[in-house]
Amino acid sequence: MIRLVFERFIARPCAMGLKIQTNGPQKAQPNAILEKVFTAITKHPDEKRLEGLSKQLDWDVRTIQRWFRQRRNQEKPSTLARFCESMWRFTFYLYIFTYGVRFLKKTTWLWNTKECWYNYPYQPLTVDIHYYYILELSFYLSLFFSQFTDIRRKDFLIMFLHHVATISLITFSYVNNMARVGALVMCLHDAADVLIEAAKMANYAKCQILCNLLFAMFAIIFISSRLAVYPVWILNTTLFESWEIVGPYPSWWVFNLLLISLQLLHSFWSYLIMKTACRAISKGKVGKWNPLHVSKDDRSDIESSSDEEETPPANQKQHSSSGTANGTNKNHGTNGYLTGATYPDEH
């Protein structure tokens with residue numbers, strides 16, 4: 001409910017102020033036969049099926065390909081919807097990261113991680129930690145359920161596993177009173193998330209220089225925090241310092257297994273980020289590079305809203321016959337052509 005109110009009364013007016021387009025992709029003209037193929041058989045027809053549909057409808061193959069492209073794009077959200085979603089996440093990450101830093105800098109275990117294990121498990125659960133945990137857990141639970149209705153991304157399965165691991169870690173550390181080290185883990189992860197959402201907002205607002213700058217900052221902080229700080233600071237205390245002070249116990253193995261799984265995801269995403277950056281640098285297109293909207297991009301949280309599409313030629317073949325002179329196939333009662341004019345290619 002908070003998200004809906006925020007997107008409606010805060011994010012949307014901000015998007016309007018930045019002149020972000022409200023309309024979605026161009027809709028494909030209704031066609032019963034193609035719609036049936038699209039919904040019941042495939043959204044990406046192969047060459048053989050395209051030829052069959054071309055003969056059945058007496059349409060040009062390119063026209064049918066364009067219809068399927070527009071129909072696929074029709075289901076994708078507008079730039080306005082993406083901006084509102086990113087602004088919601090950016091606002092939450094910024095608030096929770098700021099809260100975490102202000103709260104943790106007053107604690108002793110931020111500067112000496114061994115304090116996470118002294119007198120464990122008889123450590124008091126303060127109001128600050130309780131509030132921090134409730135906010136983080138509620139947010140990630142909302143992400144877990146809303147990912148089935150939000151913008152579909154290329155890394156849906158990876159993000160699903162990430163949300164499962166994150167929720168499991170937050171819940172497990174809270175139940176086992178490992179809240180001190182759990183707070184460190186959450187604060188460390190929120191640092192990079194703020195920047196990637198800000199970069200996406202800049203991208204939707206077409207501020208390309210700001211987008212590139214924010215993404216570069218995100219890449220540096222993500223890789224340094226997840227591949228350096230996380231194993232040296234977090235895994236070191238959960239694997240070795242806790243072993244020395246408390247000793248291994250059943251839940252210790254489960255907790256560290258979850259943390260190591262998270263590190264594997266960090267390594268995978270860092271590889272994709274570096275691969276994307278190196279590809280842009282090697283092509284000499286850094287100045288014009290859009291890290292959040294490049295062809296075949298593998299970055300974790302990159303929008304997968306556009307298909308790899310070939311541009312149809314300007315002059316398309318038109319079938320003219322007595323049966324289709326008015327743009328209608330008499331045998332099937334379907335629209336023979338999408339329009340008399342050529343459709344502009346969808347972005």
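The values are calculated or read from the model by the stated rules, or taken from the named source; none is laboratory data. Every value quoted in this text rests on a predicted model; they were computed, and no experiment measured them. Cβ sites come from the backbone with ideal geometry, for glycine too, and all protein chains shown count toward neighbours. Note: areas computed on protein heavy atoms with side chains; ligands, DNA, RNA excluded. Shrake-Rupley method; radii C 1.70, N 1.55, O 1.52, S 1.80 Å.
Here are the numbers for the structure shown:
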read-out	value
Of K106/K200; K206/K275; K19/K76; K19/K200; K36/K200; K114/K200, those spanning more than 26 Å from alpha-carbon to alpha-carbon	K106/K200; K36/K200; K114/K200
Length gained when the stretch K48-S261 is fully extended (0.36 nm per residue, less Cα-Cα span)	72.3 nm
Neighbourhood net charge (15 Å Cβ-Cβ; Lys/Arg +1, Asp/Glu -1) for M16	+4
Linear extension gain, L157 paired with S138, 0.36 nm per residue minus alpha-carbon span	4.8 nm
Estimated D of the stretch 102-232 in µm² per second, where Rh is the Kirkwood radius over Cα pairs and Stokes-Einstein applies at 10 °C, 1.306 mPa s	96
Residues of the stretch 110-220: accessible area per residue with a 1.4 Å probe, Å²	45
Cα gyration tensor of the stretch 18-104 - equivalent ellipsoid semi-axes, whole Å, descending	44, 14, 9
Size descriptor, Kirkwood hydrodynamic radius, that averages inverse alpha-carbon separations across the stretch 139-201, Å	13.0
Loop trypsin sites (Lys or Arg not before Pro), the stretch 38-137, which have at most 13 other Cβ atoms in a 10 Å radius of their Cβ (DSSP)	K43, K105, K106
Cα gyration tensor category, rounded, prolate or oblate, for the stretch 91-138 with a/c compared to 1.5	oblate
Extension gain, Q147 back to E244 (0.36 nm per residue minus Cα-Cα distance, nm)	30.9 nm
Residue-level accessible surface for S225, protein heavy atoms, 1.4 Å, Å²	10
Rounded to whole Hz, the Karplus (6.51, -1.76, 1.60) HN-Hα couplings of the stretch 54-70, x for glycine and proline	4, 6, 5, 9, 6, 10, 6, 4, 4, 5, 5, 4, 5, 4, 5, 5, 5
HN-Hα J in Hz across the stretch 111-118 - Karplus 6.51, -1.76, 1.60, θ = phi - 60°, x for Gly and Pro	8, 9, 5, 5, 5, 5, 10, 5
Fraction of accessible area attributable to carbon and sulfur, the stretch 1-137 (%, probe 1.4 Å)	59
Residues of the stretch 105-132 with amide N under 20 Å of a point placed 7 Å along Cα→Cβ from V254	117, 120-123
Inter-part distance where the stretch 81-107 and the stretch 44-80 are each reduced to a Cα centre, Å	42
Normalised contact order of the stretch 5-155, rounded percent, pairs of Cα under 8 Å and 6 or more residues apart	30
